[in-house]
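Engineer: The structure under discussion is supplied below as structure tokens; questions concerning it will follow.
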Amino acid sequence: MTSFTKPVGLKTLPDAFLRLNLLGKSPALHDAMRVIERVAAVDATVLIQGGTGTGKELAARAIHYLSPRRDFPFIPVNCGALPDTLLESELFGHERGAFTDAKQACRGLVAQADGGTLFLDEVEAMTPRAQVVLLRFLQDGQYRPVGGRQVMSGNVRIVASSNVDLEELCRSGQFRQDLMFRFRVLSVTMPPLRDRGGDAVLLAEHFLQSYALQYRRPARRFAPATVAWIRDHGWPGNVRELQNLILREVLMTDDETVDFARPAALDRAGLSQALLDQAFKQAKAHAVAQFEKDYLCRLLARASGNVSLAARLSCKDRSALNRLVKKHGLATRDFR
Ligand SMILES: Nc1ncnc2c1ncn2[C@@H]1O[C@H](COP(=O)(O)OP(=O)(O)OP(=O)(O)O)[C@@H](O)[C@H]1O
Ligand SMILES: [Mg+2]
């Protein structure tokens, strides 16, 4: 550990979070930021809870970068994506020959994150066996690489996150209560976007500007009715839903005014009955065309407008790709 710094003062709080890309002015978010700030200064295990897309990963990064461990690694691990045995070897590493594919010894993520923070994402998806393995590690910070004898000591701070209420899962017997208690020494709850007042509009404007810059699209603004719609929408998918909606709008339209009241925009938001009423074939053609244009925009942005590179990245024939670019009326120079 290098230096222990003072926690940032409350007055400078939104600025500190601005640098960490966590934006918002609502009291609900500021309450969460205050908790994050306190939690960051204390070196104990944290559980971050909140609905899908509320910013749990951003919160975990904020905890790390505001903490004395900030100069050491922040390593995310998606617990839901890994089967038992893999999770164990991912976390703790393995010796050569520990299992069929283990041609050489490999350091685990606990060792790689040494001195830093290990972010265990989606812990609700951990199997009972993985829960036992982790519980043992959390008890004393000691572990053994898979197939190894030597007991190692880990120096990581654990930040866990869950999309669902772990207490509820414990009650129904799907999650170990002792593990939940280990995770929940400290806790942070990210509020749903619908409880953040004007933040939805603030975030929408932020995403509109930053995506236009990133994808070299024209600058634009929201129609007044759209601002009202954004403010009042329930946002079940929270910030991620809002972010994706704006990204699609930026990529798919060139109008100076963004107006979600237009049927085309509503289709993209999945809100229009019109799409459902179309015959299946038509609807499919429509969806495919949208996908193609969306994909091409991202691809060309990534390849900075270079069609040969774009062809290689997408494993498509160069001339076929060129035809597709023309079909959708895209100009490669817009991406240079
Ligand atoms: N307050 C915020 N300001 C700016 N961007 C945000 C904010 N909250 C979330 N985002 C953005 O929204 C997206 C979702 O955030 P994040 O991945 O942290 O959420 P999550 O709770 O981990 O979501 P999931 O449950 O889907 O894993 C990210 O692209 C993130 O950058
Ligand atoms: Mg997440």
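Engineer: Could you tell me whether any residue of the stretch 101-110 is crowded, with 20+ Cβ neighbours inside 10 Å and among the hydrophobic types (A, V, I, L, M, F, W, C)?
Structural biologist: Within the stretch 101-110, one or more residues are crowded, with 20+ Cβ neighbours inside 10 Å and among the hydrophobic types (A, V, I, L, M, F, W, C).
Engineer: Follow-up question, since we're still on this one. Taking the stretch 159-186 as the region of interest, how many residues are away from ligand 2 (no atom under 16 Å from the Cβ) and of a type in the set (Ser, Thr, Tyr)?
Structural biologist: 1
Engineer: Taking the condition in a loop (DSSP other than H, G, I, E, B) and within 16 Å of ligand 1 (Cβ to nearest atom), does residue 97 pass?
Structural biologist: no
Engineer: Let me ask you something else. Do we have any residue at all in the stretch 73-81 that's near ligand 1 (Cβ under 10 Å from one of its atoms), at pLDDT 95 or above and under 12 Å from residue 117 (Cα atoms)?
Structural biologist: yes
Engineer: Hey, which of the helices (runs of 4 or more DSSP H) in the stretch 152-267, taking only ones fully inside, have at least 3 residues that are touching a helix residue (DSSP H, G or I) at 6+ places or on another chain (Cβ under 9 Å) and of a type in the set (Val, Ile, Thr)?
Structural biologist: Once the helices (runs of 4 or more DSSP H) in the stretch 152-267 are filtered for at least 3 residues that are touching a helix residue (DSSP H, G or I) at 6+ places or on another chain (Cβ under 9 Å) and of a type in the set (Val, Ile, Thr), what remains is 224-232, 238-252.
Engineer: Regarding the stretch 14-34, can at least one residue be identified that is out of contact with any helix residue (DSSP H, G or I) (no Cβ under 8 Å at 6 or more places or on another chain) and either within 16 Å of ligand 2 (Cβ to nearest atom) or among the β-branched types (Val, Ile, Thr) (or both)?
Structural biologist: The answer is no; no qualifying residue exists.
Engineer: Looking only at residues that are over 17 Å from the mean Cα position of the chain (by Cα) and crowded, with 16+ Cβ neighbours inside 10 Å in the stretch 185-201, which one is farthest from ligand 1 (Cβ to nearest atom)?
Structural biologist: 186
Engineer: Among (1) away from ligand 1 (no atom under 14 Å from the Cβ); (2) not in a helix (DSSP H, G or I), where does residue 37 come up short?
Structural biologist: Tallying (1) away from ligand 1 (no atom under 14 Å from the Cβ); (2) not in a helix (DSSP H, G or I), residue 37 fails exactly one: (2).
Engineer: On the basis of being surrounded by fewer than 19 Cβ atoms within 10 Å (Cβ to Cβ) and small (Gly, Ala, Ser), does residue 141 make the cut?
Structural biologist: Spelling it out, residue 141 is indeed surrounded by fewer than 19 Cβ atoms within 10 Å (Cβ to Cβ) and small (Gly, Ala, Ser).
Engineer: Also, I was wondering about something else. Just a yes or no: is a residue in the stretch 112-123 touching a helix residue (DSSP H, G or I) at 6+ places or on another chain (Cβ under 6 Å), within 16 Å of ligand 2 (Cβ to nearest atom), acidic (Asp, Glu) and not in a strand (DSSP E or B)?
Structural biologist: Yes, the stretch 112-123 contains a residue that is touching a helix residue (DSSP H, G or I) at 6+ places or on another chain (Cβ under 6 Å), within 16 Å of ligand 2 (Cβ to nearest atom), acidic (Asp, Glu) and not in a strand (DSSP E or B).
Engineer: Looking at the stretch 19-42, which of its residues are of a type outside the set (A, V, I, L, M, F, W, C) and surrounded by 15 or more Cβ atoms within 10 Å (Cβ to Cβ)?
Structural biologist: If the condition is that a residue be of a type outside the set (A, V, I, L, M, F, W, C) and surrounded by 15 or more Cβ atoms within 10 Å (Cβ to Cβ), then 24, 26, 30, 37 are the ones that fit.
Engineer: Determine whether residue 47 is more than 15 Å from the chain's Cα centre (by Cα) and within 14 Å of ligand 2 (Cβ to nearest atom).
Structural biologist: yes
Engineer: Scanning the stretch 51-75 for residues that are within 14 Å of ligand 2 (Cβ to nearest atom), over 16 Å from residue 37 (Cβ atoms) and not in a loop (DSSP other than H, G, I, E, B), which turns out farthest from the chain's Cα centre (by Cα)?
Structural biologist: 74
Engineer: Ok, one more. For residue 244, work out the one condition from (1) buried (at least 16 other Cβ atoms within 10 Å of the Cβ); (2) within 16 Å of ligand 2 (Cβ to nearest atom) it doesn't fulfil.
Structural biologist: Condition not satisfied by residue 244: (1).
Engineer: Out of 224, 236, which single residue is farther than 23 Å from residue 59 by Cβ, modelled with pLDDT of 85 or more and either exposed (fewer than 12 other Cβ atoms within 10 Å of the Cβ) or within 16 Å of ligand 1 (Cβ to nearest atom) (or both)?
Structural biologist: So the residue among 224, 236 that is farther than 23 Å from residue 59 by Cβ, modelled with pLDDT of 85 or more and either exposed (fewer than 12 other Cβ atoms within 10 Å of the Cβ) or within 16 Å of ligand 1 (Cβ to nearest atom) (or both) is 224.
The values are calculated or read from the model by the stated rules, or taken from the named source; none is laboratory data. Computed from a predicted model, the values in this text were never measured in an experiment. Because the Cβ atoms are built from the backbone with ideal geometry, glycine has one as well, and the counts that use them run over all protein chains shown.
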